[in-house]
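J.: Got a structure here, written out as C-alpha cells. Questions coming.
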Amino acid sequence: MDIGLPDEDDERRIHVRGWFRDHPRPTPAQLVEAGFVVPHWPEPWGLDAEPELQLIIDDEIRRAGVTKPMNPIGIGHCGPVIVVHGRRDQKQRYLPPMLRGEELWCQLFSEPEAGSDLAGLATRAVRDGDVYVVNGQKIWTSLAQVARYGILIARTDAGTSKYTGISYFIVPMDLPGIEIRPLRNMVGGFGDAGFCEVFFSDVAVPVENLVGEENNGWAMAKQTLANERVSLSRDGLQWGYGPTVRDLVDLVRRLGGPADPVLRQRLVDAFVEGQIMRYHQYRQISAAVNKTPGPDASLRKALKDPHGQRVFRLAQDLMGAHGMLSAEGVDPDWAPWASGFLFSPALTVGGGTSEVLRNVIAERLLGLPHDVDVEAGLTWSQSRAEGRAPAATA
Ligand SMILES: Cc1cc2nc3c(=O)[nH]c(=O)nc-3n(C[C@H](O)[C@H](O)[C@H](O)COP(=O)(O)OP(=O)(O)OC[C@H]3O[C@@H](n4cnc5c(N)ncnc54)[C@H](O)[C@@H]3O)c2cc1C
C-alpha cells in the first residue's frame, strides 16, 4: 500500500494549489464556497472528497499558511449529524455560518449524574404547544460562554429503556431561563474557564428546533460522540489542535538537542509513536472513518490521548526547572507545551474516558460481552457469578 501523499504534478494538487495562488488570503466564506473547510462532507457543504483529495487539501492549506475557520463542536461534532438528519431549512439556516466560524456551537450532553453513562440523563423537555419546556442541568460544557447555539439532548419520554425517549435539539444559548456559570480550571482560556455549568429553568425551545424525530435522539447522540472522537484525535496533540511530536523534535533540534541521553531516547520513542499515529490516521481516512465513524473512532482516540500525555510530559521534562513556570512565564517557544501539559490530564477524560473507549473496543470491535449486563444492572463478573453471562454484541 502506498501511503505517500500524491506527487507535486498530481492534477488535483495542481488545481488546489492554483486556487490558493488566486486566493492568497481567502476569507472564511471563500474557503466554505470552495468546499475546503469540510471536503469530506457531501455537496454543497463539502466536496464529498475521496481520501487522497482530503489529504491534498489539508496539505495545501498548510502550505499556503491558511487557517480554517474554528468551530470545533459545530464543524467537528454536531454539523455532520445536522447534514444527515436535519431538515432542509435547518441545514440552510445553521450550516453556512457554522462553517464560516461566525456562530460557535457547544455540546450540552454531560450532566452531574450522567457522563460515561450518558443515556442516564435527567434533563427533561416537555412538549407544550409549539415549544418544548426544558428543565435540568448540564456540566463541563466547553465554549458555552461564547457559543451562539448548543446541541442539547434531553428526555422527552420516560420510555421503556433509558436509550429511548431522548430527543436532540438545537438551542439558542441566549434563550430566557438559560444560566451559564463558567468553571475555572488550571489551564484557563476564555476568561479562565474552558467549560461551564449550564442550568435550564423553564426554557421554551421552539418545536422547529427538534432535529429528526422526537424520542429518536440517542442514535444521533452516539453519532455526535463518534464524530467527536474522530475530531479529538486529529494531528495536533491537544485534541486535534496544538503542536505535534514533530514540532517538539524540530524545537529541540533548533535548541541544539537534549544533553541527557535518556531524554534523547524518550524523544525518539515519542517520534516513532507519533509516526505510527500518523499512518493510522491516514489508514482511517482511507477507510472513510471520518465520513461514517464507528468503533474505529474510539480505537483512534484510545491511542492518541495517552500519546499526547506522554509527549507533553516529555516536553515538560525537556524544559527542566523552567517547566515549573506558567505558560506566560516560559520562553515563547515552550508556551504551547507548558499549557498543553496542564491540559493533558483532561485528554483521557473528555469525549469518552480511557475505560469507556476500551469498553467500546471490547464490545464492538472484539465481540466481547458487555461490561455491564444492562438488563440486570450487574457488572459482567456479577452477571457471570449469577450464571447470566451476557451475549456479545457486534
Ligand atoms: C476538558 C473537558 C471538556 C469537556 N467538554 C464537554 C462538553 O463540551 N460537553 C459535554 O457534554 N461534556 C463535556 N465533557 C465531559 C466529558 O464528556 C465527561 O467528563 C466524560 O464523559 C466522563 O464523564 P464523568 O466526568 O461524569 O465521569 P464518570 O462517568 O463519573 O466516570 C468516573 C470514572 O469511572 C469510570 N467509568 C465510568 N463508567 C465505567 C464503565 N462502564 N466501565 C469502566 N469504567 C467506568 C470512568 O472511566 C472514570 O474513570 C468535557 C470533559 C472535559 C475533561
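The values are calculated or read from the model by the stated rules, or taken from the named source; none is laboratory data. A quick note: this is a predicted structure, and the numbers were derived from the prediction, not measured. Don't worry about glycine lacking a Cβ; one is built from the backbone with ideal geometry, like all the others, and counts go over all protein chains shown. These area figures cover heavy atoms from the full protein model, side chains too; ligands, DNA and RNA do not enter into them. Shrake-Rupley method; radii C 1.70, N 1.55, O 1.52, S 1.80 Å.
J.: Kindly evaluate L210 against the criterion of being over 19 Å from L357 (Cα atoms) and in contact with an Asp or Glu (Cβ under 7 Å, 6 or more places away or on another chain).
T.: Working: over 19 Å from L357 (Cα atoms): yes; in contact with an Asp or Glu (Cβ under 7 Å, 6 or more places away or on another chain): no.
Spelling it out, it is not the case that L210 is over 19 Å from L357 (Cα atoms) and in contact with an Asp or Glu (Cβ under 7 Å, 6 or more places away or on another chain).
J.: Determine whether R264 is free of Cβ contacts under 8 Å to residues at least 24 places away in the same chain, open to solvent by 50 Å² or more (accessible area, probe 1.4 Å) and not aromatic (F, W, Y). Before you say what the answer is, go through the steps one by one.
T.: Details: free of Cβ contacts under 8 Å to residues at least 24 places away in the same chain: yes; open to solvent by 50 Å² or more (accessible area, probe 1.4 Å): yes; not aromatic (F, W, Y): yes.
Yes, satisfied.
J.: Pick from M319, M324: which is open to solvent by 30 Å² or more (accessible area, probe 1.4 Å), farther than 30 Å from E50 by Cβ and either away from the ligand (no atom under 13 Å from the Cβ) or touching a strand residue (DSSP E or B) at 6+ places or on another chain (Cβ under 8 Å) (or both)?
T.: Values: M319 fails: open to solvent by 30 Å² or more (accessible area, probe 1.4 Å).
Within the list M319, M324, the selection yields M324.
J.: Restricting to region 108-139, and then to whatever is open to solvent by less than 70 Å² (accessible area, probe 1.4 Å) and among the charged types (D, E, K, R), can you tell me which residue is nearest to the ligand (Cβ to nearest atom)?
T.: For region 108-139, the residue satisfying everything is K138.
J.: Only residues that are under 17 Å from A122 (Cβ atoms) and at pLDDT 95 or above: list them for region 151-164, please.
T.: Residues satisfying the conditions are L152, I153, A154, R155, T156.
J.: Continuing with the same structure: Might you let me know whether region 191-207 holds any residue that is part of a loop (DSSP other than H, G, I, E, B), touching a strand residue (DSSP E or B) at 6+ places or on another chain (Cβ under 7 Å) and free of Cβ contacts under 8 Å to residues at least 60 places away in the same chain? Don't jump to the end; show me each part of the working.
T.: Filtering region 191-207 for residues part of a loop (DSSP other than H, G, I, E, B) gives 191-192.
Add one more test, that the residue is touching a strand residue (DSSP E or B) at 6+ places or on another chain (Cβ under 7 Å), and what stays is 191-192.
If we keep only those that are free of Cβ contacts under 8 Å to residues at least 60 places away in the same chain as well, we get 191-192.
Yes - at least one qualifying residue is present in region 191-207.
J.: Another question about this same structure. Taking D296, is it of a type in the set (D, E) and either modelled with pLDDT of 95 or more or in contact with a Pro (Cβ under 7 Å, 6 or more places away or on another chain) (or both)?
T.: Working: of a type in the set (D, E): yes; either modelled with pLDDT of 95 or more or in contact with a Pro (Cβ under 7 Å, 6 or more places away or on another chain) (or both): no.
In short, no.
J.: Something else about it: I need the full set of residues from region 11-34 which are open to solvent by less than 30 Å² (accessible area, probe 1.4 Å) and of a type in the set (D, E, K, R), in order please. Working first, answer last.
T.: First, pick out the residues of region 11-34 that are open to solvent by less than 30 Å² (accessible area, probe 1.4 Å): 13, 16, 18, 20, 26, 31-32, 34.
Across region 11-34, the qualifying residue is only R13.
J.: Still on this structure, please answer the following. When the residues of region 62-113 are narrowed to those that are more than 15 Å from the chain's Cα centre (by Cα) and small (G, A, S), which ends up nearest to L152 (Cα to Cα)? Write out each step before concluding.
T.: Filtering region 62-113 down to residues more than 15 Å from the chain's Cα centre (by Cα) leaves 62-69, 82-103, 111-113.
Applying the additional criterion that residues be small (G, A, S) yields 64-65, 86, 101.
Details: A64: 37, G65: 35, G86: 14, G101: 20 Å.
Looking at the filtered set, the residue picked out is G86.
J.: Another question, then. Enumerate the pairs (first residue in region 349-365 and outside any helix (DSSP H, G or I) and open to solvent by 50 Å² or more (accessible area, probe 1.4 Å); second residue anywhere and near the ligand (Cβ under 6 Å from one of its atoms) and not aromatic (F, W, Y)) with beta-carbon separation below 9 Å, excluding pairs fewer than 6 apart on the same chain, so at least 6 apart or on different chains.
T.: V349/G115
For (1) at pLDDT 95 or above; (2) more than 21 Å from the chain's Cα centre (by Cα); (3) away from the ligand (no atom under 16 Å from the Cβ), each residue gets a yes or a no:
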| position | (1), (2), (3) |
| --- | --- |
| R266 | yes, yes, yes |
| H280 | no, no, yes |
| I285 | no, no, yes |
| R300 | no, no, yes |
| G308 | yes, no, no |
| F341 | no, no, no |
| T348 | yes, no, no |
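Let's see how each residue does on (1) open to solvent by less than 10 Å² (accessible area, probe 1.4 Å); (2) in a loop (DSSP other than H, G, I, E, B):
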site: P39; (1), (2): yes, yes
site: E43; (1), (2): no, yes
site: T67; (1), (2): no, yes
site: C78; (1), (2): yes, no
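J.: Within the set of pairs 6 or more residues apart or between chains, which connect a residue that is over 13 Å from I151 (Cα atoms) inside region 96-111 to a residue that is of a type outside the set (F, W, Y) and near the ligand (Cβ under 8 Å from one of its atoms) with Cβ atoms less than 8 Å apart?
T.: Pairs that qualify, where the first residue is over 13 Å from I151 (Cα atoms) and the partner is of a type outside the set (F, W, Y) and near the ligand (Cβ under 8 Å from one of its atoms), are E111/K138; E111/I139.
J.: On to the next question. Among the candidates I82, I73, which residue alone is more than 10 Å from the ligand (Cβ to nearest atom) and assigned to a helix (DSSP H, G or I)?
T.: Working: I73 fails: more than 10 Å from the ligand (Cβ to nearest atom).
None of the other options fit; the residue is I82.
J.: Among (1) at pLDDT 95 or above; (2) more than 20 Å from P26 (Cα to Cα), where does E50 come up short?
T.: So E50 meets the others, but not (1).
J.: Answer yes if at least one residue in region 225-239 is within 25 Å of Q107 (Cβ to Cβ), open to solvent by 70 Å² or more (accessible area, probe 1.4 Å), without any contact (Cβ under 8 Å) to a residue 24 or more places away in the chain and within 26 Å of the chain's Cα centre (by Cα), and no otherwise.
T.: As a first pass, look at region 225-239 and keep what is within 25 Å of Q107 (Cβ to Cβ): 225-239.
From what's left, open to solvent by 70 Å² or more (accessible area, probe 1.4 Å): 234.
Filter again for without any contact (Cβ under 8 Å) to a residue 24 or more places away in the chain, leaving none.
No, region 225-239 contains no residue that is within 25 Å of Q107 (Cβ to Cβ), open to solvent by 70 Å² or more (accessible area, probe 1.4 Å), without any contact (Cβ under 8 Å) to a residue 24 or more places away in the chain and within 26 Å of the chain's Cα centre (by Cα).
J.: All but one of (1) closer than 19 Å to R181 by Cβ; (2) free of Cβ contacts under 8 Å to residues at least 12 places away in the same chain hold for Q92, so report the exception by its number.
T.: (1)
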